[in-house]
Amino acid sequence: PMGVGVFPRPRFRPQPSDDDDDRSHSGSSDYDSDEEDEDGSDADSGRGARSSRLMCPNCPVQQPQQQQGDAPAPAPPAAPPAGAPPATRAAEQGAPPDGFVCAAGAAHNQCAECFKMLPSRTGPSAPAEDRPLQCGVCKRSFCSPYLPQCSGNLMMGGMPVGGRFGNNSAFRGTPCLRRLKDVVFTTQVPVAVFNGNPFETAVLTEVLTTKGLSLTDACRTIFSDSSRTVSVKPHAPPVGAPDAAVDVSGDSFCCGFCAFRAMKEALWVYRKGLTDADLPDRAKGRDNCWYGRNCRTQSHNPNHAQRLNHVCDQTRGR
């Protein structure tokens, strides 16, 4: 029996750290059991292997130091020739074979999905254009396509499945950053394209159905021309990064969240470019609302939303 004022000792489960891989997200981790391995160890070697997968691929490899009482360590690999760059994990992890090596104390970023350490390569040391490290809009860092695979794959390039973003499962997996002209959008026309206006959303849906076009087809009419840009405001930029809108084209690499925002802007530009001949009868010949796309009445007043055209720029009240 428990005495007065004596409480059971709580079972503390440490939070996942940078040393834990994606298994910590799938319900399996080293903390699921209080028992040790049969040989009395706590699988430190396994943790070390996972930790190495989270290390920067371009940092010099350091040989582990042998502790007193440990078994004799295997012979270290032969030292590189004089003047050769230090060994890294670039080839092992599939990083670009451009010979980049992080300097001592160099700044690093973390992948927004799997938390892997990544080099901060800007300016002259920036990687090839097709192997970016950051989203072109929000500037968050991601493993892939700089590396072939990302062990996260949980948020589809930062974008969750379902919810208000639609079931855009086509963005699941790697690469986490993709050119906008290559993204396949599998959602219906989001009402957010027209600031919550259900009438304009239904009109665009009907136009695409009549023309036999998907959302991807409509977006690619904008993104296939590299000279055309849309203005996208970043989603959750890192601390210190600018949050002003960024002009992107079909060649820009974006994460899932920013690709969704770019898709909304591309659909709005596509709809604005349609003539009355492309629209159903109920949407023809309407006057423009003074407040255009920024109108706050269009989302909750169906009569106002249908009577006036809101696919236009604001002309009053700025």
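Would you check which residues across the range 142-173 are in a loop (DSSP other than H, G, I, E, B), at pLDDT below 65, open to solvent by 10 Å² or more (accessible area, probe 1.4 Å) and of a type in the set (S, T, N, Q) and list them? Within the range 142-173, 153, 167 qualify. Residues of the range 82-93 that are within 20 Å of residue 142 (Cβ to Cβ), assigned to a loop (DSSP other than H, G, I, E, B) and either open to solvent by 50 Å² or more (accessible area, probe 1.4 Å) or at pLDDT 90 or above (or both): none at all. Selection within the range 110-141: residues that are closer than 28 Å to residue 187 by Cα, among the small types (Gly, Ala, Ser) and part of a loop (DSSP other than H, G, I, E, B). The member of this set that is modelled with the highest pLDDT is 136. Inspect all residues belonging to the range 210-233 and state whether any of them is in contact (Cβ under 8 Å) with a residue 24 or more places away in the chain, farther than 25 Å from residue 255 by Cα and open to solvent by less than 10 Å² (accessible area, probe 1.4 Å). Looking through the range 210-233, none of the residues is in contact (Cβ under 8 Å) with a residue 24 or more places away in the chain, farther than 25 Å from residue 255 by Cα and open to solvent by less than 10 Å² (accessible area, probe 1.4 Å). Among the residues making up the range 309-318, those that are open to solvent by less than 60 Å² (accessible area, probe 1.4 Å) and either among the β-branched types (Val, Ile, Thr) or more than 15 Å from residue 271 (Cβ to Cβ) (or both) are 311, 314. Of the residues making up the range 193-209, those that are under 16 Å from residue 270 (Cβ atoms) and surrounded by fewer than 16 Cβ atoms within 10 Å (Cβ to Cβ) are 205, 206, 209.
In the range 287-308, which residues are buried (at least 16 other Cβ atoms within 10 Å of the Cβ) and in a loop (DSSP other than H, G, I, E, B)? It would help to see each step written out before you state the result.
First, pick out the residues of the range 287-308 that are buried (at least 16 other Cβ atoms within 10 Å of the Cβ): 289, 291-293, 295, 298-299, 304-306, 308.
Scanning the range 287-308 gives 289, 291, 295, 298, 299, 308.
Condition first: open to solvent by 70 Å² or more (accessible area, probe 1.4 Å), part of a helix (DSSP H, G or I), of a type outside the set (A, V, I, L, M) and at pLDDT below 95. Can you find one or more residues in the range 242-262 that meet it? Yes; the residues of the range 242-262 include at least one that is open to solvent by 70 Å² or more (accessible area, probe 1.4 Å), part of a helix (DSSP H, G or I), of a type outside the set (A, V, I, L, M) and at pLDDT below 95.
The values are calculated or read from the model by the stated rules, or taken from the named source; none is laboratory data. Note that the structure is predicted; figures quoted are calculated from it, not measured. Here the Cβ is made from the backbone with ideal geometry for all residues, glycine too, and neighbour counts use every protein chain on show. Note: areas computed on protein heavy atoms with side chains; ligands, DNA, RNA excluded. Shrake-Rupley method; radii C 1.70, N 1.55, O 1.52, S 1.80 Å.
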